[in-house]
1. Quick check of the Kirkwood formula: for the stretch B:3-108, what is the inverse mean of 1/r over all pairs of different Cα atoms, in Å?
2. At a Cα cut-off below 29 Å, give the lysines reachable from A:Lys26, other chains included and same-chain residues fewer than 8 away excluded.
3. Show the residues, 5+ positions off or on another chain, whose built amide H is closer than 5 Å to the amide H of A:Asp70.
4. Ignoring ligands, DNA and RNA, how much accessible area is buried between chains B and A, both sides summed, with a 1.4 Å probe, to the nearest 100 Å²?
5. Does the stretch A:73-140 come out rounded, prolate or oblate, given a ≥ b ≥ c as the square roots of the eigenvalues of its C-alpha gyration tensor, rounded meaning a/c under 1.5 and, failing that, prolate meaning a/b above b/c?
6. Around A:Ile39, what is the net charge, scoring Lys/Arg as +1 and Asp/Glu as -1 over all other residues with Cβ under 13 Å from its Cβ?
7. Are there any helices in chain A, counted as whole DSSP H runs, that stretch 27 Å or more along their axis by Cα and score at least -1.0 on average by Kyte-Doolittle, and if so which?
8. Assuming R0 = 35 Å, can you tell me the calculated FRET efficiency for the pair A:His17 and A:Asp84, based on Cβ-Cβ distance, to the nearest 0.05?
Amino acid sequence: MESLRLTFQVAGGDLTHAGEASSQVKQTLRKMGYDSDTIRRVSVCMYEGEINMVIHANGGTATVDVGLDDITITLADVGPGIPDVEQAMQAGFTTAGDQVRDLGFGAGMGLPNMKKYSDEMNIESTVGVGTTVTMVVRIP
Amino acid sequence: MTVQELVSQLELTVFHLEDGGRAVTGGGYCGDLLSWVMGKAPADGVWMTIMSNVNVAAVAALTDLACVILTESVAPDDPLLRKAELQGINLLGSSLSTYECAVKLSAALGG
């Protein structure tokens with residue numbers, strides 16, 4: 001199997017369409033015959049990352065590389081950046097506004113979920129420039 | 001137990017029933033914060049919530065839930081209902097509180 005790359009533009013600010021890229025990835029992986037646990041892990045990582053870009057960064061680009069041994073999700077935005085990544089990683093820490101929280105988001109569990117469900121996660125962020133989050137989910 | 005059997009036993013309102021024959025094997029999860037649900041809800045389980053916006057469908061689909069029960073007589077907003085139809089989500093309702101609904105679900109699933 002050759003590696004497959006899926007790329008999505010995630011629109012900012014509109015939470016009604018958030019999750020569509022994740023759904024497409026899920027459907028693709030299912031058609032390719034991946035096990036349900038791997039699909040779930042990729043889905044959670046991707047959805048949380050998508051939501052973050054919609055809420056905090058006015059959207060961005062999501063790239064999913066499906067390889068033989070692992071699936072790599074790269075989420076790149078040109079948003080405000082994360083001033084303190086360690087703080088942002090803490091469960092329950094959030095900077096989301098009331099409107100977002102009223103919809104059930106902004107619990108401060110996005111990044112912790114991404115960390116939990118991926119095998120490797122790396123965040124590169126520069127304030128005023130943007131953030132790139134890379135997650136690797138290994139295929140058992 | 002199937003979703004259809006659950007509808008009968010718990011006297012649930014049907015907002016959209018795509019696959020009544022789907023088996024409920026994952027137990028249940030109660031919660032309204034979507035990231036908690038994403039992280040914790042069991043696949044093939046039942047999610048009980050008072051959230052009724054369109055993002056409920058995305059979470060239900062991505063976590064492979066057997067069905068969602070909107071508790072406390074909450075009704076889905078139009079975008080959620082449309083999305084449930086589009087994505088084939090079993091979307092149900094109950095007049096019970098989330099706690100009471102979970103107790104009944106537990107009994108129905110055999111404790």
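1. Computed over the stretch B:3-108, the radius equals 13.0 Å.
2. Cα-Cα hits under 29 Å: A:Lys115, A:Lys116, B:Lys40, B:Lys83.
3. Here A:Ile139 satisfy the definition.
4. Buried surface at the B/A interface: approximately 1800 Å².
5. oblate
6. In short, +2.
7. Within chain A the helices that satisfy the rule are A:36-56.
8. For A:His17 and A:Asp84, the calculated efficiency is 0.75.
The values are calculated or read from the model by the stated rules, or taken from the named source; none is laboratory data. Because the structure is predicted, anything quoted here is derived from the model rather than measured. No Cβ is skipped: glycine too gets one built from the backbone with ideal geometry, and neighbour counts run over all protein chains shown. For the accessible areas, the whole protein counts, side chains as well, though only heavy atoms, and no ligand, DNA or RNA atoms are used. Shrake-Rupley method; radii C 1.70, N 1.55, O 1.52, S 1.80 Å.
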